[in-house]
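*Asks:* Supplied in structure tokens, the structure appears directly below.
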Amino acid sequence: YFLDKSDKYDSRDVERLQQDDKWVENYLLWRHDVVDDALKMIDESFQWRKEYTVNDLSESVLPKWLFEIGALFLHGYDKEGYKLFWFKVKHHTRDPKLQLDKKKLVAFWLEHYAKRDHGKPLTVVFDMAETGISHIDLDFVRFIVNCFTDYYPNFLTKIVIFEMPWIMNAAFKIVKGWLGPDAISMLKFTNKNDVQEYISGEYLPPHMGGTDSFKYSYPPLVDDDFQTPLCENGPITSEDEHESKEEIDADTKEAGDLNEAQNLNQKKMNSIEQISKSEETDKTEVKPKNAKKALTTFKGPLLHISPAEELYFGSKETGEKKCLIVLTNVTKNVVAFKVRTTAPEKYRVKPSNSSCEPGTSLDIIVSLHGGFAASLQDRFLIMAAEMDQSSGAGVPELTQFWKEVPRTKVMEHRLRCHVIESSKPSSLTLKDNAFNIPAKTNEDLHIQLTHLLQINKRLEEQMNRCLWFQQLSVVLSLLSVTVAAFCFYLAYAQRS
């Protein structure tokens with residue numbers, strides 16, 4: 001394919017394919033490990049990516065009004081923790097002149113999310129409330145379907161269709177024909193009574209029976225991961241000041257023990273250097289003993305962050321409520337950072353707004369408090385930017401720095417939550433001052449389930465073939481008996 005059509009591919013896609021095993025694996029999984037089919041899909045998707053200049057799509061190359069109407073956007077999560085890709089059908093009208101720009105908008109959002117969350121699958125929601133015959137655009141719907149079936153492998157978990165008008169039944173019968181048997185099983189037709197089987201009320205608008213007060217607006221791009229928009233530098237909402245009594249007592253006791261130990265040490269110390277070190281220790285958060293580093297690390301241009309993708313918390317039964325994030329400054333300058341979360345009412349993050357010296361590591365303790373439990377929908381964002389050597393690292397200086405730093409110079413990395421159901425803590429969970437092996441992620445389970453479904457499908461195909469041969473054998477046997485009986489009858493008739 002490459003030799004024949006190299007001019008039809010973007011060299012950046014070819015380079016990524018050679019380096020990104022996960023991308024290759026997704027193509028194979030989506031095509032049931034049939035190599036020829038996977039190659040064909042790669043060929044078609046690469047040609048499409050170059051035709052639509054997917055790698056270069058940005059807000060500046062698309063008409064602003066497309067973002068403003070809010071027909072397409074990412075917001076919220078389903079009950080399995082997958083991001084929701086909303087298509088508000090009532091805001092869409094057929095117009096052949098605008099069709100290409102609208103299709104590029106779909107590609108923009110999918111590529112934007114794929115780069116941000118490393119290809120974690122999506123759930124598509126077709127909100128068809130207040131729609132009619134004028135909103136039916138089968139060409140556009142087919143394009144959205146093709147994006148998931150042909151261009152973005154293993155990127156779709158399900159399609160939730162809310163309140164489809166009866167007049168559109170015929171149109172969606174056509175759509176089912178495009179989807180194929182695998183994707184048809186992902187269709188979920190819902191209404192107000194059953195949509196919460198797939199999406200909890202906190203991420204559903206009132207007209208769908210939910211409590212989500214989110215109102216789409218642009219600019220900036222919708223980034224609902226965090227309650228304070230990323231383009232604004234408001235208060236640090238992840239630092240929860242309302243601690244429960246138990247936590248206050250625990251922290252006080254912990255600090256008291258530390259101070260007592262430090263006082264004893266200071267009595268034995270004579271040098272100024274030793275005294276200054278103890279003062280620095282007094283300012284730092286207590287680090288659990290025997291704590292091991294996380295098994296995975298995200299290597300960013302400013303900070304290396306461990307863990308790379310997920311924070312492991314326990315369920316209500318396991319009761320594990322603390323996680324450790326390790327930041328390592330890999331630059332020659334001081335790096336300012338702050339941590340934000342989608343659920344500030346649940347978590348305390350210490351420190352949530354500070355700085356890290358060149359070449360040093362810093363531990364951030366993320367803890368649940370009160371009666372709260374971690375959720376798959378919870379997310380954390382770490383923002384980092386280099387500071388000038390002359391800049392101070394106090395709270396006033398950091399506040400001013402975040403107001404003035406350009407968005408283009410800010411490194412961002414997201415972490416999602418993983419809830420451990422078993423009694424054994426993961427390598428990222430702080431309990432009894434020790435770390436163990438992490439549990440399997442949703443992606444691992446999803447891959448295993450996909451393999452099982454593939455095996456099941458092959459077995460069904462083999463059974464169907466066996467049944468077909470069996471039926472054919474029965475028919476041939478009956479035919480043979482009939483012919484033999486007829487021959488005996490003719491012979492008997494001739495003799496008589």
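The values are calculated or read from the model by the stated rules, or taken from the named source; none is laboratory data. Because the structure is predicted, anything quoted here is derived from the model rather than measured. Please note: Cβ atoms are built from the backbone with ideal geometry, for glycine as well, and neighbour counts cover all protein chains shown. We work out accessible area using only protein heavy atoms, side chains counted, and drop any ligands, DNA or RNA first. Shrake-Rupley method; radii C 1.70, N 1.55, O 1.52, S 1.80 Å.
*Asks:* Could you look through the range 193-208, keep only residues that are in a loop (DSSP other than H, G, I, E, B) and not small (Gly, Ala, Ser), and pick out the one that is surrounded by the fewest Cβ atoms within 10 Å (Cβ to Cβ)?
*Replies:* Here the residue is Asn193.
*Asks:* Being basic (Lys, Arg) and within 32 Å of the chain's Cα centre (by Cα) is the filter; apply it to the range 445-496 and report the residue that is least open to solvent (accessible area, probe 1.4 Å).
*Replies:* Going through the qualifying residues, I end up with Lys457.
*Asks:* Does the range 71-82 contain at least one residue that is open to solvent by 30 Å² or more (accessible area, probe 1.4 Å) and either assigned to a helix (DSSP H, G or I) or among the hydrophobic types (A, V, I, L, M, F, W, C) (or both)?
*Replies:* Looking through the range 71-82, none of the residues is open to solvent by 30 Å² or more (accessible area, probe 1.4 Å) and either assigned to a helix (DSSP H, G or I) or among the hydrophobic types (A, V, I, L, M, F, W, C) (or both).
*Asks:* Residues to consider are Phe148, Phe162; find the one that is open to solvent by less than 10 Å² (accessible area, probe 1.4 Å), more than 13 Å from the chain's Cα centre (by Cα) and within 23 Å of Asp56 (Cα to Cα).
*Replies:* Result: Phe148 is the single residue among Phe148, Phe162 that is open to solvent by less than 10 Å² (accessible area, probe 1.4 Å), more than 13 Å from the chain's Cα centre (by Cα) and within 23 Å of Asp56 (Cα to Cα).
*Asks:* Additional query: Looking only at strands (runs of 3 or more DSSP E) that lie completely in the range 326-405, which have at least 3 residues being at pLDDT 85 or above?
*Replies:* Result: 335-341, 353-356, 361-368, 379-386.
*Asks:* Being touching a residue at least 24 places away in the same chain (Cβ under 8 Å) and either open to solvent by 70 Å² or more (accessible area, probe 1.4 Å) or assigned to a helix (DSSP H, G or I) (or both) narrows it down to one of Glu15, Glu68, so name that one.
*Replies:* Residue meeting the stated conditions: Glu68.
*Asks:* Cβ-Cβ under 8 Å, sequence separation 6+ or interchain: first residue in the range 354-375 and acidic (Asp, Glu), partner at pLDDT below 80. Which pairs?
*Replies:* Asp363/Glu285; Asp363/Lys287
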